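Worksheet for the structure shown next.
The values are calculated or read from the model by the stated rules, or taken from the named source; none is laboratory data. Computed from a prediction, not measured in an experiment: that's the story for all the values here. Here the Cβ is made from the backbone with ideal geometry for all residues, glycine too, and neighbour counts use every protein chain on show. Accessible surface is based on the protein model in full, side chains and every heavy atom, while ligands, DNA and RNA are left aside. Shrake-Rupley method; radii C 1.70, N 1.55, O 1.52, S 1.80 Å.
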Amino acid sequence: MQRHVVARAADLPPGSSLIVELGGRSIGVFNHEGRLHALRNSCPHHGAPLCLGAVTGRMTPSPTHTYEYSHEPVLRCPWHGYEFDLEDGRSKLHPDTLRVKTYRVEREADEIVVYS
Amino acid sequence: MIVDCDVHPYFSNGLEDLTPYMSESWQQRLGIGQSASWSKNFAASQFVLPLDYLYINTAGATRLDSSPDGKIPGSDPAFMAEQLLDGHGIDRAVLIAGHLFGIGAFPDPEVAATVAAAYNDWQQERWLEFDRRYRGAIVVAPQHPEAAVAEIDRCADRDGIVAIFLPLHEIALGESHYYPVYAAAERHGLPIITHPSGTENVFARAPRMASTPTYYIEWHTGLGQIHQSNVLSLLCHGVFERFPKLKVTIAEGGFMWAIETMLKLDRDWQALRDEIPWVKRPPSEYLREHIRFTTQPFVEPHRSEQVEQILDMAYADETLVFASDYPHWDFDDPKRALAAVSPERRRRICEDNGQALFGDRLN
């Protein structure tokens, strides 16, 4: 496993993200409310640049004609709106068959480090 | 040469973008441009392009990566060339007026015709002259056949024009209302393209769905209803007997319903053709010769091997032409969306059929 310094911690504040090229792979690194996540920047559906999508909450299943919005974050693909868990990369609708690769990412001193 | 039959250029600032292409009198009538002050006070005192104001897409309606620097998606010819043409290997993109889908709903036919003509000049200058890979469809006012014919005659020989975009209207496509437009299309060798209007059931003169959908997802999934009605109308009125060189392309309405339409119509025609004796051959034969469907949004059956079965039944080698629908949210990439299709058939859909449809005008 290789260690890659991808940013200074100050350059990736909460609510921001960046896209880096590591070993020929495009990877998105997210800081969501202080927690770091790294995912491959390619949607397993049609290959869209997944990490250009937004980290948002979503509607959760609810009784008919009611809405229940959850702030639990998902990464939403910029093309077709498929939603992925930031933590394990699994699709919210098809967790067993659709999954984007995730990478270990750490804050080490004042650096953001991705292991791939 | 990959041909994309449904790409949408957008204005940056609504109707105001058309100001340079309209007379001062028409600017005053529409309340656009510097001198028209009457229209700036209140929502109902402004002319707006009829669009889908009631069915709201909660996924954002466009590809989220298609609006760099906060620009309106599809409004920058240079960025579109980079993202769509270079990025997805599209060699020819046929432009369908993104903001004008709904002009068939304007109560005043002269307004629709004036907006259409101004758009055609804007498209020519801003898009077709910018990059030769862009090709244009002349947009016409469907509620004003006389002006539509004049507009086709005015623009047909311009560089880069390959088709006529006929927005949908409350009158079905097989009715005689449209015959002058079809005659002009034949005369100039231009195929007609239709596209969902975004105004279905919202405005009185818009095309209608069988009932008013509650949700965007109902509206979007059910758009094939309108196209099915129009295909039946074209076939049963014998439009292709009257206009044997006419081609009609149905954009963004799916095509699986066309399988049932062909089979059921052929069967009914056996017994009922006394009602429409001018339909001299099984109706599906006219459909296969004259009607084309764009691929997007492409079928995603539960078992991927069913894709080829569906394409067999739809006579896809003749009837399907590729479209991405850029920059909309349900965009299709030619390779990824059609990954389950054999390479030979993919070449027919993405290259050969589009070239046959538009002919030398694509060169």
Give me the pairs, please: first residue somewhere in segment B:264-292 and on the phi < 0 side of the Ramachandran plot and free of Cβ contacts under 8 Å to residues at least 12 places away in the same chain, second residue anywhere and assigned to a loop (DSSP other than H, G, I, E, B) and open to solvent by 60 Å² or more (accessible area, probe 1.4 Å), beta-carbon distance under 9 Å, and either six or more positions apart or on two chains. B:ARG273/B:LYS280
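Report, by residue number, each residue of segment A:69-116 that is open to solvent by 80 Å² or more (accessible area, probe 1.4 Å), within 27 Å of A:GLY23 (Cβ to Cβ) and away from every other protein chain (no Cβ under 14 Å). I'd like the intermediate steps shown before the answer.
Within segment A:69-116, the first condition is being open to solvent by 80 Å² or more (accessible area, probe 1.4 Å), and the residues that meet it are A:69, A:71-72, A:87, A:93-94, A:96-97, A:99, A:101, A:104, A:107, A:109-110.
When the remaining residues are screened for being within 27 Å of A:GLY23 (Cβ to Cβ), the result is A:87, A:97, A:99, A:101, A:104, A:107, A:109-110.
Across segment A:69-116, the qualifying residues are A:GLU87, A:ARG99, A:LYS101, A:ARG104, A:ARG107, A:ALA109, A:ASP110.
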Return the pairs, sorted by first residue and then second, in which the second residue is among the acidic types (Asp, Glu), the first residue lies in segment B:60-80 and is within 14 Å of chain A (Cβ to nearest Cβ), the beta carbons are less than 8 Å apart, and the residues are 6+ apart or on different chains. B:PRO68/B:ASP76
Among the candidates B:ASP360, B:ASP312, B:ASP333, single out the residue that is open to solvent by 10 Å² or more (accessible area, probe 1.4 Å) and within 14 Å of chain A (Cβ to nearest Cβ). B:ASP333
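Any chance you could count how many residues in segment B:95-124 are free of Cβ contacts under 8 Å to residues at least 24 places away in the same chain and in contact with a Ser or Thr (Cβ under 7 Å, 6 or more places away or on another chain)? It would help to see each step written out before you state the result.
Let us first name the residues in segment B:95-124 that are free of Cβ contacts under 8 Å to residues at least 24 places away in the same chain, namely B:108.
From what's left, in contact with a Ser or Thr (Cβ under 7 Å, 6 or more places away or on another chain): none.
Final tally of qualifying residues: 0.
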What are the pairs, 6+ residues apart or on separate chains, where a residue within segment B:346-363 that is farther than 15 Å from B:VAL162 by Cα has its Cβ under 6 Å from a residue that is surrounded by fewer than 16 Cβ atoms within 10 Å (Cβ to Cβ)? B:ARG348/B:ASP317; B:GLU351/B:MET1
Out of all the residues in segment B:223-255, which are under 17 Å from B:ASP325 (Cβ atoms) and either small (Gly, Ala, Ser) or not in a loop (DSSP other than H, G, I, E, B) (or both)? B:GLY224, B:ILE226, B:HIS227, B:THR249, B:ILE250, B:ALA251, B:GLY253, B:GLY254
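Any residue at all in segment B:31-38 that's within 27 Å of B:LYS335 (Cα to Cα), of a type outside the set (Phe, Trp, Tyr) and away from chain A (no Cβ under 14 Å)? Give the steps one after another, and end with the answer.
Going through segment B:31-38, the residues within 27 Å of B:LYS335 (Cα to Cα) turn out to be none.
Within segment B:31-38, not a single residue is within 27 Å of B:LYS335 (Cα to Cα), of a type outside the set (Phe, Trp, Tyr) and away from chain A (no Cβ under 14 Å).
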Looking only at segment B:42-101, filter to residues that are touching a Pro at 6+ places or on another chain (Cβ under 6 Å) and in a strand (DSSP E or B); which one of those is surrounded by the fewest Cβ atoms within 10 Å (Cβ to Cβ)? B:THR62
Restricting attention to segment B:197-213, does a residue exist that is buried (at least 17 other Cβ atoms within 10 Å of the Cβ), in contact with a His (Cβ under 9 Å, 6 or more places away or on another chain) and among the polar types (S, T, N, Q)? yes
Any chance you could count how many residues in segment A:37-46 are over 9 Å from the mean Cα position of the chain (by Cα) and either open to solvent by less than 30 Å² (accessible area, probe 1.4 Å) or more than 10 Å from chain B (Cβ to nearest Cβ) (or both)? 4
Condition set within 14 Å of another protein chain (Cβ to nearest Cβ) and without any contact (Cβ under 8 Å) to a residue 24 or more places away in the chain, scope segment B:336-345, selection least open to solvent (accessible area, probe 1.4 Å): answer is B:ALA339
Can you name the residue in segment B:79-138 that is touching a strand residue (DSSP E or B) at 6+ places or on another chain (Cβ under 8 Å) and of a type in the set (D, E, K, R) and is also nearest to B:GLY354 (Cα to Cα) among such residues? B:ARG92
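Only residues that are more than 14 Å from every other protein chain (Cβ to nearest Cβ) and surrounded by fewer than 21 Cβ atoms within 10 Å (Cβ to Cβ): list them for segment B:315-330, please. Can you show your working first?
Quick first cut of segment B:315-330, residues more than 14 Å from every other protein chain (Cβ to nearest Cβ) only: B:315-323.
Residues satisfying the conditions are B:TYR315, B:ASP317, B:GLU318.
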Just to be sure before I move on: is A:ARG58 away from every other protein chain (no Cβ under 14 Å) and charged (D, E, K, R) in the structure I sent? no
